[in-house]
Amino acid sequence: EIKKHLPSVILSSNQESYAIFDKLLNHKNSLIASRTRSILNLIPTNSQLVDLFDSIVLFDSNQSSLAQFFSPESNSLIKILYNLEVLSIRITNDENFKQKFINKSGLNLLIDIFDSVIDTDDNLVEQLLILLINLVDFVLLDQSEPMVKKSLVSINSKLIDLLLKTFIKKSTNLNFNTKISVKSINLVYNLICSNLNQIDCLIESSLFRTNIVNVLIGAKCSQIRHNLAKFFTRMSNLTETIKYKLIILILKNTRVPIWTNSTKHMRSSARNLISQSSEYFTLLSNLIENMSPKLLSMDSENELNAENLLKNQINWFRMFNLSSNLDQVLLNGQFGLTKAILTNCSSQIKDSYGAQLTDILIKLFLFQPFFSSCGMMLEQQTQQVGYDLLLELTKKSGDNFSRIKAHVCQFNQENKISECNFTPLVKSFKQKYLGLKNGGSTCYMNAVLQQLFMIPGICEYIQFMNNSNASRDLNHEKQLLFELENVFVHLKKSNQEFYSPERFWQNFRMWNSGDSINIREQQDAFDFFISLTDQIDEYIQKELKKEPVFKSIFEGKYSNQFICQDCEHSYDRQEAFLALNLSVKTFSNLEQSMAQFVKDELLTGDNSYLCEKCNKKSPIPNFKKKIKPTLDLTLATQILADQLLFEQRFNQRYFFKRSAIKRTCLKQLPNYLCIQLKRFDYDWESNQALKFDDYFEFPINLNVKPFTHDYLNKVNSHSIDCDYELCGIIVHSGQANAGHYYSFIKELYNSDDLIDEEASDTNASKWFKFNDTYIDEIKIDEKFLIEECFGGNFNKKDSYLPEERTRYWNAYMLFYKRKSFDSKSLFKVDDFNRKNEEKIQFRDSISELSDLVEQCDHKVKEYQLDKEIRIENLNLLKQNLIVNETYFQTIDLIFNFLFCIYFKLKNKLKNNFCLKKWFDLFDNNSTRQICIHIVEFFGQSNNLELLKSHLADNAVDKEIHEFITSLIVLIINRLESEHQIAILDSLMESLFSLVTNSLLNTNLNSVFKIIYSFVCSKDENVHAFLGKQKLFEQKLIDLICKSSLLQLKNFHILFEIVSVIELKKFGIEKNIFDDNVTVKQFIGVFEYINKDHLEHTLQLIKKFCNSEASCLMFIKQILLYLDESCLLQVDSRQIFELLEDVIVS
């Protein structure tokens, strides 16, 4: 009853409402039509429209046609969409209606609607197309029905064309719904499967041939490219002939940029195509790899002849120039394509072209630094595909295997890497900038150095200044300039992941002091900034007679003004500054603090100002008296005193001070405005340093006009640029006497000095966080600044109770760049060269020749540092080509070979390469990364079972036991020295599980040796791990107690393991000697085993016997053991020695 009074029910009960709605749907105003449709979606479907559809489709009582409801001439798009929704409801919910609809050429109607709206540019077209495609798909769901088959005969080709047209047109539009493209291409495949005869027509059609491959590369949505590749793969699986035709189609219709030799000077449109080509190469590789070998091995006239394809690939590799990250996408795809071709090649073709391809892959790409002075490091994924290609070359080709083996062995011999000199991983193509190593507490240096380096022009100017000086003297300032250049050039050109500026640490002196800095002692970042810039500028200006670099960038001038209240005379005294020091304690933002900086101060009373202009107006009488010569000293002194008193009173009367206004303002603006926020202070009463973490805002864009001299003095200054943009922030995190510095820096591009050539196609306003060796791209916005830079308090949300906390990380130094400033206008190296040339124009020939020789020497020195860094980069690349994760994966092959093949060979076949050589190979090359990778290999479930079976099986050769045991012990020792032993926990747990309750069932000596090496480690992680393995220790003790001494004779290491564990926890937990059975076994073992092999066991006994009670108990047990034993049959010498040791202890 309540529902009857709902507005939707009331509207739907009156058919006149729908008549009004129909008219409104066709209204010219699209907004009215759209809102009308929204109302119709809220009320029940128009029953009158449903009855009309039923009368036409089911009863044939209505002479009209369904087409009239979907005609664009008489209906708006929104009206057509509503009618189609109603029709869709009837078709999907009534099977009888669906059959009748098909019989009445309903599919033709849907196709006509499809055709009429596909070229319409309207927002509603997307909804119409999705509805139409879903409806057609639903109607064609059961294609076995006779009526559906009959309809498909006439409409199949037209429907496929429409769907393809929809797919091609909409796939290139990133804003369009991807569901339409995906559904349309899937429906095309279903239609093709219903009639395979149409495939040839489809492939030959101009619409398909011209545009489909362009979508495979040009579609901006990866989902569309992936689904199209899947469509091709499903088509190719139908027949081999179709697969052949599709490969030819893809190869012939590929856009030119895919086969380019370099992407260095490409336009952005071509770059986009290459960046989207991974699906294209994957599809083509899969099609060729899964193709019948017969089709690839036909005569030379065959378009897919394997030999011809391989020749094309070799020619492309020879011409290709690897220069950017985008080139890696191309190279990755070409590697995969070449591997697919080789998969279906005969061994003869591999042997014929193996030498060329091997040399190209190894010398030009995979191991380029070993053969070229300008080598580059491939990304991990590209490396992996390249290594897979090399492995494919070795299959069924012994010659290729020998070539590759010779190269790899040579590389391993050339890379003599030790643990101490191994360098960090090479900087990847995606990593633009280099980090700086923290020497202990040198984060303040790193934060400032990165800020200075990122300012365009500074690095180039310092490099030029250094090279323009002929003499490499060793005084402090010169050496500091050279080391600063060294740091900057490494940051610019080195391929390391980070750089360690050790020589800069040694040569820098704070405030020109004689002592080098202590890298373990924290310093103030602002003090370092001022000290470094002063020392460098002073040397450049005084010694090199050149323009100082940092003053040219950071120096401004402020004016100290005194304005007389009486005569309004203004006295200005200008002072230079490199940075403004602003208070944060009593202000909430930068503008308030700067306003306080220029705030007027009234000078009165004792602080009054002596105005020169006012005093010049006062009369100065001649009050001096001549002193007559006299011999009376007292009289002369009195006359002189009266004269001084008179002068003093005159000055007080005529030269008096005036009230004045004092203020400080910006007179000359710097190109880069550096601001120090004064967050640190010292409390002399409590004798402790303070840090103010108060909330303090600063803007991204700063206008300093209200704080300038011209503005405050009401001087017209429209021509002066006062707009600055934030380009750097140094953050201090921590307390006053301890903390950490890091920087946020904006990437500032110059048109000709881009660090990354691809940056020209992207937004230049990127920000990066420089935190010592870690560099991450960030996004600077208001929220970020509040959370990371402004300081203040915040409420912790993940706490049960509201908790206010202080942000102890906040901005300490700010760097603003003048928007109109261009570094090129300041640092013109060409001008300096031109000046040097002008100096020698009118000199004698000998002097001129001397200068020319000197200039040539300068050029040689100019490239010396670049050459050193290039050599460093090459050596680094050589190391990292061998010592990297991708190369380590070959270890999997080695261990699979050892466990699955080599260990099963007969001894005669093993003689050529014995296990000792295998162990020496690992011993000489087992860096930390290799050890970790071996542990990860054994961590896999199937490999772990292989390891356990080979260790515990008595039938396994003794030499294999020793090899596996020695290898794992070697890994334990190496990882302990690198403090990485914690990664062994899972492996050790598996080895612990091999210890059974009997010593007779398995060969446990190898397992005990490994466990002993592990428990002897002094690493804290081992101690923590053993604390969790109490059941394992108890299992060992039970094994000792249950076994006879004759059985334990060969397992002295078992007593040593238990003793080491007990010594680590001695005095903390219950001692094992509280049990008499255990004591008896520990005494009896000295009867059968030399005490030199029981070092830790004897040490444990002595430590236990430190107390008198424990000592007496142990002596009693030894005497009982001797009493129970027959002295004639037992070697009691060591028992008595043990008794002596216990008594002495």
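The values are calculated or read from the model by the stated rules, or taken from the named source; none is laboratory data. Values in this document were obtained by computation on a predicted structure and should not be read as measured data. Here Cβ is always computed from backbone atoms with ideal geometry, including for glycine, and neighbour counts include all displayed protein chains.
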Discussion item. Tally up the residues in segment 28-51 that are in contact (Cβ under 8 Å) with a residue 24 or more places away in the chain, in a loop (DSSP other than H, G, I, E, B) and either within 18 Å of Ser74 (Cβ to Cβ) or under 51 Å from the mean Cα position of the chain (by Cα) (or both), please.
Written reply: 1
Worksheet item: Are any of the residues in segment 108-121 surrounded by 16 or more Cβ atoms within 10 Å (Cβ to Cβ), more than 21 Å from Lys158 (Cα to Cα) and hydrophobic (A, V, I, L, M, F, W, C)?
Response: no
Response to the item:
Of the candidates Lys1018, Lys1042, Lys1049, the one satisfying the condition of being charged (D, E, K, R) and either within 20 Å of Ile972 (Cβ to Cβ) or touching a Pro at 6+ places or on another chain (Cβ under 9 Å) (or both) is Lys1018
Worksheet item: How many residues are within 60 Å of the chain's Cα centre (by Cα) and of a type in the set (Gly, Ala, Ser) when one looks only at segment 52-85?
Response: 4
Discussion item. Whether any residue in segment 959-969 is surrounded by fewer than 16 Cβ atoms within 10 Å (Cβ to Cβ) and either modelled with pLDDT under 80 or at positive phi (or both) is what I want to check.
Written reply: yes
Worksheet item: Hey, which of the helices (runs of 4 or more DSSP H) in segment 196-299, taking only ones fully inside, have at least 2 residues that are without any contact (Cβ under 8 Å) to a residue 40 or more places away in the chain, within 35 Å of the chain's Cα centre (by Cα) and closer than 23 Å to Gln328 by Cβ?
Response: 268-275
Worksheet, complete the sentence: The lone condition Gln561 fails out of (1) farther than 25 Å from Lys691 by Cα; (2) touching a Ser or Thr at 6+ places or on another chain (Cβ under 8 Å); (3) at pLDDT below 90; (4) in the same structural domain as Gly440 (by TED's automatic domain parsing) is (4)
Worksheet, complete the sentence: If we take segment 1026-1145, then helices (runs of 4 or more DSSP H) inside it with 3 or more residues that are within 26 Å of Leu984 (Cβ to Cβ) are 1030-1042, 1052-1064, 1095-1104
Discussion item. Being at pLDDT 75 or above and in a helix (DSSP H, G or I): is that true of Ile160 here?
Written reply: yes
Discussion item. Are there helices (runs of 4 or more DSSP H) fully within segment 723-839 with at least 1 residues that are at pLDDT below 80, surrounded by 12 or more Cβ atoms within 10 Å (Cβ to Cβ) and not basic (Lys, Arg)? List them.
Written reply: 823-826, 829-839
Worksheet item: Taking segment 57-82, which residues are hydroxyl-bearing (Ser, Thr, Tyr) and either closer than 21 Å to Asp94 by Cα or at pLDDT below 85 (or both)?
Response: Ser61, Ser64, Ser65, Ser74, Ser76, Tyr82
Worksheet item: Out of all the residues in segment 486-530, which are within 23 Å of Ala579 (Cα to Cα), modelled with pLDDT of 90 or more, part of a helix (DSSP H, G or I) and not aliphatic (A, V, I, L, M)?
Response: Phe488, Phe526, Asp527, Phe528, Phe529
